[in-house]
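A short write-up of the structure that comes next.
Values quoted throughout were computed directly from the atomic coordinates according to the rules given, and no laboratory measurement underlies them. Since we're looking at a predicted model, the values are computed, not measured. Glycine also receives a Cβ, built like all others from the backbone with ideal geometry; neighbour counts cover every protein chain displayed.
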Amino acid sequence: MSQNKNRNKAIKEVITELMDRIMERVLIKDPFIKEKHHASKPLYASLVPDEIFKGSHFERKFTTSFGGVWEKLAQVVAIEEHKHCQKGHTITGEVGAERLRRIQEVLNRLEHKKKGVAKIKPHWDSELKYILEGRGKGVPTSVVCDIFIDSQKTDEKYAFEIKAPLPNSDQTKVSKEKLLKLMAMDPPQVDYVYFALAYNPYGKKADYNWSFPFRWFDMHNDSSVLIGDEFWELVGGEGSYQAFIREVNLLGREYKERIYREFLGIEPPLNSDEDILR
């Protein structure tokens, strides 16, 4: 089997496993029970159709189960491309005391606007340059990254923080601190670090417009930011993003029909397969 077929098969298996697990939870292990809902929330039940809360029940199970799937998907395609990839990998090294202080200074300046002073905008390259000019006694420092690639293809090491496309400010701040610490280690433990968004609901990178991460990164221009296709192409090689999109959409048709019929108990509407990932 070719590398591309292996990659596509791995993507399909991860998504199928996720969806099968969700269907088992909502249909067998923890189904929506109308009588229980009526007993626990009689006011809600008297005002709102059961189907609304049944949908919310599914959404909660889906959102909970989806945690960690981006990392798993990245891992399976990275193994095909780079031969080595770990999830939740701990990287340990030493960071000079002054570098650690400067990292906090950079983050604090981005977080807190001084009265009468224009708000400082993030700029990865200049921030990193300033941090690396710091010295001081090395302090043992450990960072857990979402995925770590020790590439047999490029002979380089990559660390990634992977987020869903609309991360909040706190999540982004934590990721930036981790990436700065990784780049500040002496001797270096990685060659590249990235804040990566799994896909881009806005289409082009230049159109990405979710406000919260912009507080910490220049999402359009920072070299440490990857969004959608550029992330998957680096991790999984050429064609990875389209393979991911294709498998999601193919499986989406199948599982949407099952959810309509098996969970909601209704026939799928004629246009149920029009909402696809692009």
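A few points about this structure:
- Across the chain, C-alpha contacts under 8 Å between residues 6 or more apart give a mean separation that, scaled by the residue count, equals a relative contact order of 20 percent.
- Residues of region 60-84 with amide N under 17 Å of a point placed 7 Å along Cα→Cβ from Lys29: 60-69
- Membrane-span-like helices in the chain, defined purely by DSSP H runs whose alpha carbon atoms cover 18 Å or more axially and whose average Kyte-Doolittle hydropathy reaches 0.0, are 69-82.
- Distances between placed amide hydrogens fall under 5 Å for Val193 paired with Ala159, all partners being 5 or more residues away or on another chain.
- Share antiparallel - DSSP beta bridges, the chain, percent rounded to 5: 65 percent
- In a simple Cβ point-charge model (Lys, Arg +1; Asp, Glu -1; nothing else charged), the chain has a dipole of about 920 debye relative to its Cα centre.
- Cα Rg, Dmax, the chain, angstrom units: 22.1, 67
- Most to least packed among 45-51, 252-258 [average Cβ atoms within 10 Å]: 252-258, 45-51
- Computed from the C-alpha gyration tensor, the three semi-axes of the ellipsoid equivalent to region 198-278 are 32, 16, 10 Å, from longest to shortest.
- Cα gyration tensor category, rounded, prolate or oblate, for region 69-116 with a/c compared to 1.5: oblate
- With neighbour counts taken as other beta-carbon atoms within 10 Å, the residues Arg135, Arg215 rank, fewest first, as Arg135, Arg215.
- Here the peptides 32-43, 174-185 are ranked by packing, the mean other Cβ count within 10 Å, and the order with the highest first is 174-185, 32-43.
- Region 151-207: C-alpha gyration tensor shape, a/c 1.5 cut-off, then a/b vs b/c: oblate
- Peptides 111-122, 218-229, ordered by how many other C-beta atoms sit within 10 Å of their residues on average, highest first, read 218-229, 111-122.
- Mean ellipticity per residue at 222 nm, deg cm²/dmol - from DSSP H runs of n ≥ 4 across the chain, formula -39500 (n - 2.57): -15000 deg cm²/dmol
- Rg over Rh for region 84-234 works out to 0.96, using Cα positions for both radii and the Kirkwood form for Rh.
- Judged by the ratio a/c of the largest to the smallest principal axis of the C-alpha gyration tensor, region 58-153 counts as oblate, that ratio being 1.5 or greater while a/b is no larger than b/c.
- Of all lysines in the structure, the ones whose alpha carbon falls short of 29 Å from that of Lys121, not counting any fewer than 8 places away in one chain, are Lys113, Lys129, Lys157, Lys163, Lys173, Lys176, Lys178, Lys181, Lys204, Lys205.
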